[in-house]
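Asker: Here you go, one structure.
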Amino acid sequence: MSPSPSLPQALQQALAPLGRYGLQENMALAPHTSFQIGGPARWLLTVQQLSDLIAALHLLHRYEVPFFLLGGGTNILISDAGIDGLVLLNQCRSILWPETDTPIVTADSGVALAGLARASLQHQITGLAWAASIPGTVGGAVVGNAGAHGHCIADHLLYATLWRRDRIVRATAADLQFDYRSSSLKKAPTEAATVLLSATLRLGRHDIAAEQQQAQRFIAHRRRSQPTAKSAGSIFKNPPHEFAGRLIEAAGLKGWRLGQAAVSNKHANFIVNLGDATANDVVQLIHTIRDRVSQHSGLLLEPEIQLVGDWPSPHPLPPLSPAMKTSPTRKLRVGVLFGGRSGEHEVSLQSAQSVLQAIDGHAYEVVPIGIDHDGRWMFQPDALSRLLAGEGAGPEAPAWPRPADLAGLDVILPILHGTYGEDGTLQGLLDMAGIPYVGCGVLASSLAMDKAVSKLAFAAAGLPQTPWYTLLRRAWAHRASELISEIEARLTYPLFVKPANLGSSVGISKAHDRNELQAAIDLAARFDRKIVVEQAVPNAREIEISVLGNAEPQASVPGEIVPSNEFYDYAAKYIDGSSKERIPAPITPAQSRRIQDMAIRAFRTIDGSGMARIDFLLDDVSGDIILNEINTIPGFTSISMYPKLWDASGLPFPRLIDRLIELALARHAEKTHNETHFQPSA
């Protein structure tokens with residue numbers, strides 16, 4: 001805004017009654033910002049009623065006086081010189097609650113977003129749990145399309161009420177052209193003054209207890225992962241398929257300090273005010289961060305923070321040009337790993353084909369990495385086609401990747417099903433190499449892979465399962481008859497027999513009597529030293545659900561498998577192609593919610609991250625829902641349920657891959673917060 005050293009006397013007299021404290025001169029602005037930084041305002045008018053705000057806007061329009069509207073004071077940095085003009089401090093905080101069951105809420109633009117989320121729960125209204133820990137106001141949230149945990153304000157906005165050129169108008173979500181952390185109000189802030197007065201949101205009336213628990217988890221997650229010191233929030237926007245915090249940390253800038261401004265040790269995309277930081281300290285630190293990250297990664301970070309006030313010329317932080325924004329010097333290098341030594345080698349190749357077709361080649365530099373049946377690694381571009389043709393890597397190929405083979409990879413997307421890929425062994429290798437990877441970590445992978453051990457964990461978590469019995473191959477070889485009798489004493493036919501550490505229905509049989517049971521155990525023992533025998537669920541329908549996320553996982557719509565054979569065996573999955581799927585599954589809303597809740601509980605039980613497909617059995621007569629098993633690297637073939645369920649939930653395959661990569665990078669960045677050195681006190 002232009003300098004405004006004086007206001008007409010008549011305007012001063014007209015504005016004064018509208019302000020809570022009258023029209024104040026040379027007032028400090030730092031206390032009204034989350035950064036607690038910045039010089040004074042020449043004039044400050046604090047308004048608390050929407051009618052007073054509209055009246056003030058009308059007067060300023062009539063006298064053609066520029067102004068700056070200040071709300072919650074987050075995500076801005078006010079110059080040390082302050083603002084040589086008029087600042088309107090918006091403290092309009094009224095909320096209009098619905099008088100009917102329709103959950104439509106109207107909030108003034110000065111209402112704290114987190115406060116609105118908490119108050120909504122008190123009014124038995126759901127939908128804003130994701131916002132319970134987000135700083136700032138409703139007005140700022142709409143202008144910047146605030147969001148978290150896969151949600152954003154645009155999802156709920158029915159319409160916004162705006163003051164525009166001395167007229168009150170309504171704008172729908174379509175009118176505001178929402179984008180990632182942006183809207184038309186933010187993209188064109190210099191057009192003739194437009195002020196957001198209030199937002200009308202369409203929310204919900206669902207499970208209040210579940211919503212309250214979710215809100216508390218989001219609040220706890222924010223406290224764990226973000227600094228509580230004085231800051232303006234995220235300083236930089238995340239580049240496509242990357243995290244600014246990870247790039248800053250990788251450049252060695254965590255804890256970097258300039259004056260009283262420092263890069264947070266908790267989250268590197270936050271600059272904190274250690275006490276008496278100046279705006280100049282912060283700007284110089286931003287320049288240092290951009291330069292160091294550019295040198296280290298070749299990416300130029302774009303600031304998310306807004307600089308306001310009177311700054312020296314040229315602008316201390318000029319915006320990036322369109323070319324700089326859209327043309328990073330390099331793509332994210334993604335290693336897609338497939339094949340492996342397990343019995344699911346061929347399924348892995350089919351999954352890799354689908355992933356390589358769906359992944360965005362414009363956003364990523366894809367590096368195919370194969371492992372043949374003998375466990376030898378293949379780094380040639382044609383690795384997949386060679387494995388599909390039945391070729392091996394050859395005796396000269398390495399049985400262990402060399403550091404140079406993995407150098408330069410930003411993240412690995414493992415599409416290895418079964419042993420030596422899904423069981424925690426690969427995850428341990430990548431953890432030791434310090435390379436981010438998609439999916440669950442060592443503990444979750446190994447737990448989920450071993451059906452016998454995962455059943456114990458799920459039982460401890462109170463998740464319903466069918467009765468089961470576990471035996472070892474060695475014991476079977478020496479006392480088969482005794483074990484058969486023990487199984488028959490505990491379980492009732494028909495029974496399912498499975499290798500404990502394999503997937504894709506490999507080695508699984510259904511036994512209706514003692515002879516079939518013996519043959520089934522013999523088959524399973526070919527693939528694993530540990531065998532699980534389960535009692536079949538009567539009238540069973542096979543329901544599957546996909547889970548996506550790290551600390552706050554989300555569940556897809558459920559789907560149903562109608563197998564072409566007596567059960568969903570390997571042939572029904574991958575060979576005859578006659579099995580049918582129903583997406584979404586034709587079940588009741590209550591059953592759907594119950595299965596989604598159980599899926600997330602199971603995912604958290606094993607400390608899952610990234611992704612998993614979780615399978616259930618629904619007794620179509622009693623309505624009982626039984627947890628069957630969890631798969632941490634589910635199939636990604638053209639017929640696989642994991643990507644199909646997310647597509648039906650609104651997340652198409654290419655975007656699903658983007659999200660999995662984002663989650664992998666986020667999890668790796670969070671792990672780097674762990675201290676690895678301990679110095680005992682003297």
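The values are calculated or read from the model by the stated rules, or taken from the named source; none is laboratory data. All figures in this text were calculated on a predicted structure; none of them were measured in a lab. Every residue, glycine as well, gets a Cβ built from its backbone with ideal geometry; the counts of neighbours run over all protein chains shown. The accessibility values were calculated without ligands, DNA or RNA, using every heavy atom of the protein model including side chains. Shrake-Rupley method; radii C 1.70, N 1.55, O 1.52, S 1.80 Å.
Asker: Take region 526-540 and flag every residue that is of a type outside the set (Gly, Ala, Ser) and assigned to a strand (DSSP E or B).
Answerer: Correct list: Lys530, Ile531, Val532, Val533, Glu534, Gln535.
Asker: Please enumerate the residues belonging to region 541-563 that are more than 11 Å from Met611 (Cβ to Cβ) and not in a strand (DSSP E or B).
Answerer: Ala551, Glu552, Val557, Pro558, Pro563
Asker: Give Ala107, Ala117 a once-over and let me know the one that is part of a helix (DSSP H, G or I) and either open to solvent by less than 40 Å² (accessible area, probe 1.4 Å) or closer than 30 Å to Gly650 by Cα (or both).
Answerer: Ala117
Asker: Anything in region 623-645 that is assigned to a helix (DSSP H, G or I) and open to solvent by 20 Å² or more (accessible area, probe 1.4 Å)? List them, or say none.
Answerer: Residue satisfying the conditions is Lys644 alone.
Asker: Okay, moving on. Just to verify a result, which residue in region 433-487, among those that are touching a residue at least 24 places away in the same chain (Cβ under 8 Å) and among the polar types (S, T, N, Q), is farthest from Glu534 (Cα to Cα)?
Answerer: Only one residue tops the list, namely Ser445.
Asker: So which of Leu162, Leu197, Leu203 ends up being at pLDDT 85 or above and in contact with a Pro (Cβ under 9 Å, 6 or more places away or on another chain)?
Answerer: Leu203
Asker: Moving to a separate point now. Name the single residue, out of those in region 481-524 being within 16 Å of Glu344 (Cα to Cα) and aliphatic (A, V, I, L, M), that is modelled with the lowest pLDDT.
Answerer: My answer is Val506.
Asker: Taking the conditions exactly as written (more than 28 Å from Arg333 (Cβ to Cβ), of a type outside the set (S, T, N, Q) and under 24 Å from the mean Cα position of the chain (by Cα)), does Leu456 satisfy them or not?
Answerer: It is false that Leu456 is more than 28 Å from Arg333 (Cβ to Cβ), of a type outside the set (S, T, N, Q) and under 24 Å from the mean Cα position of the chain (by Cα).
Asker: Report, ordered by the first and then the second residue, all pairs with beta carbons closer than 9 Å, sequence separation of six or more or different chains, a first member in region 579-600 that is more than 10 Å from Leu618 (Cβ to Cβ), and a second member that is small (Gly, Ala, Ser) and surrounded by fewer than 15 Cβ atoms within 10 Å (Cβ to Cβ).
Answerer: Filtered contacts from region 579-600: Thr588/Gly623; Arg593/Ala210; Asp597/Ala210.
Asker: Consider region 514-533. How many of its residues are under 37 Å from the mean Cα position of the chain (by Cα) and open to solvent by 10 Å² or more (accessible area, probe 1.4 Å)?
Answerer: Result for region 514-533: 3.
Asker: Determine if region 172-189 includes at least one residue that is charged (D, E, K, R), over 19 Å from the mean Cα position of the chain (by Cα) and farther than 19 Å from Asn90 by Cβ.
Answerer: yes
Asker: Filter region 167-194 down to the residues that are out of contact with any helix residue (DSSP H, G or I) (no Cβ under 6 Å at 6 or more places or on another chain), within 11 Å of Gly144 (Cα to Cα) and modelled with pLDDT of 80 or more and list them by number.
Answerer: Result: Asp179, Ser182.
Asker: Which condition number does Ile153 fail, the rest of (1) closer than 20 Å to Asp179 by Cα; (2) crowded, with 24+ Cβ neighbours inside 10 Å; (3) touching an Asp or Glu at 6+ places or on another chain (Cβ under 6 Å); (4) not aromatic (Phe, Trp, Tyr) being met?
Answerer: Condition (3) is where Ile153 drops out.
Asker: Now a separate question. I'd like the full set of residues that are assigned to a helix (DSSP H, G or I) and crowded, with 16+ Cβ neighbours inside 10 Å, limited to region 197-211.
Answerer: Glu211, the sole residue that qualifies.
For (1) within 30 Å of Arg246 (Cα to Cα); (2) part of a loop (DSSP other than H, G, I, E, B); (3) of a type in the set (Gly, Ala, Ser); (4) open to solvent by less than 40 Å² (accessible area, probe 1.4 Å), each residue gets a yes or a no:
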{"residue": "Glu365", "(1), (2), (3), (4)": "yes, no, no, no"}
{"residue": "Gln380", "(1), (2), (3), (4)": "yes, yes, no, no"}
{"residue": "Gly394", "(1), (2), (3), (4)": "no, yes, yes, yes"}
{"residue": "Pro398", "(1), (2), (3), (4)": "no, yes, no, yes"}
{"residue": "Ala404", "(1), (2), (3), (4)": "yes, no, yes, no"}
{"residue": "Pro414", "(1), (2), (3), (4)": "yes, no, no, yes"}
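Asker: Does Ala612 satisfy the condition of being small (Gly, Ala, Ser), modelled with pLDDT of 95 or more and assigned to a helix (DSSP H, G or I)?
Answerer: In short, no.
Asker: In region 23-63, what residues are more than 29 Å from Thr161 (Cα to Cα), in a loop (DSSP other than H, G, I, E, B) and open to solvent by 60 Å² or more (accessible area, probe 1.4 Å)?
Answerer: Gln36
Asker: Here's something else I'd like to know. Tally the residues that are farther than 17 Å from Asp80 by Cα, small (Gly, Ala, Ser) and modelled with pLDDT of 90 or more, restricting the search to region 246-286.
Answerer: 3
Asker: Cβ-Cβ below 9 Å, separation at least six or inter-chain, first residue in region 173-186 and over 15 Å from Glu304 (Cα atoms), second aromatic (Phe, Trp, Tyr): which pairs?
Answerer: Close Cβ pairs satisfying both conditions: Ala173/Tyr159; Asp175/Tyr159; Ser184/Phe178.
Asker: Report yes if some residue within region 471-494 is closer than 28 Å to Leu416 by Cβ, open to solvent by less than 40 Å² (accessible area, probe 1.4 Å) and within 35 Å of the chain's Cα centre (by Cα); otherwise report no.
Answerer: No, because not a single residue in region 471-494 is closer than 28 Å to Leu416 by Cβ, open to solvent by less than 40 Å² (accessible area, probe 1.4 Å) and within 35 Å of the chain's Cα centre (by Cα).
Asker: Is there a residue being closer than 21 Å to Gly441 by Cα, surrounded by fewer than 18 Cβ atoms within 10 Å (Cβ to Cβ) and in contact (Cβ under 8 Å) with a residue 40 or more places away in the chain anywhere in region 603-622?
Answerer: yes
Asker: Which condition from (1) at pLDDT below 85; (2) closer than 30 Å to Gly136 by Cα; (3) not in a loop (DSSP other than H, G, I, E, B) is the one that Ala323 breaks?
Answerer: (2)
Asker: Would you mind finding the one in Leu502, Leu523, Leu517 that is out of contact with any strand residue (DSSP E or B) (no Cβ under 7 Å at 6 or more places or on another chain) and either part of a strand (DSSP E or B) or among the aliphatic types (A, V, I, L, M) (or both)?
Answerer: That would be Leu502, the only listed residue that is out of contact with any strand residue (DSSP E or B) (no Cβ under 7 Å at 6 or more places or on another chain) and either part of a strand (DSSP E or B) or among the aliphatic types (A, V, I, L, M) (or both).
To keep it simple, each residue is scored yes or no on (1) buried (at least 19 other Cβ atoms within 10 Å of the Cβ); (2) small (Gly, Ala, Ser).
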residue: Lys455; (1), (2): yes, no
residue: Ala460; (1), (2): no, yes
residue: Phe496; (1), (2): yes, no
residue: Val537; (1), (2): yes, no
residue: Arg541; (1), (2): no, no
residue: Ser546; (1), (2): yes, yes
residue: Asn550; (1), (2): no, no
residue: Ala555; (1), (2): yes, yes
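Asker: Looking only at residues in region 225-245 that are of a type in the set (D, E, K, R) and within 16 Å of the chain's Cα centre (by Cα), which one is modelled with the lowest pLDDT?
Answerer: It comes out as Glu242.
Asker: Right, next: Mind telling me which of the residues Asp374, Asp382, Asp405, Asp360 ends up being charged (D, E, K, R) and in contact with an Asp or Glu (Cβ under 8 Å, 6 or more places away or on another chain)?
Answerer: Asp360
Asker: How many of the residues making up region 124-150 are in a loop (DSSP other than H, G, I, E, B), among the small types (Gly, Ala, Ser), buried (at least 19 other Cβ atoms within 10 Å of the Cβ) and in contact with a strand residue (DSSP E or B) (Cβ under 9 Å, 6 or more places away or on another chain)?
Answerer: 5
Asker: Please determine whether any residue of region 80-97 is under 23 Å from Gly136 (Cβ atoms), in a strand (DSSP E or B), out of contact with any helix residue (DSSP H, G or I) (no Cβ under 9 Å at 6 or more places or on another chain) and open to solvent by 40 Å² or more (accessible area, probe 1.4 Å).
Answerer: For region 80-97, residues under 23 Å from Gly136 (Cβ atoms), in a strand (DSSP E or B), out of contact with any helix residue (DSSP H, G or I) (no Cβ under 9 Å at 6 or more places or on another chain) and open to solvent by 40 Å² or more (accessible area, probe 1.4 Å): present.
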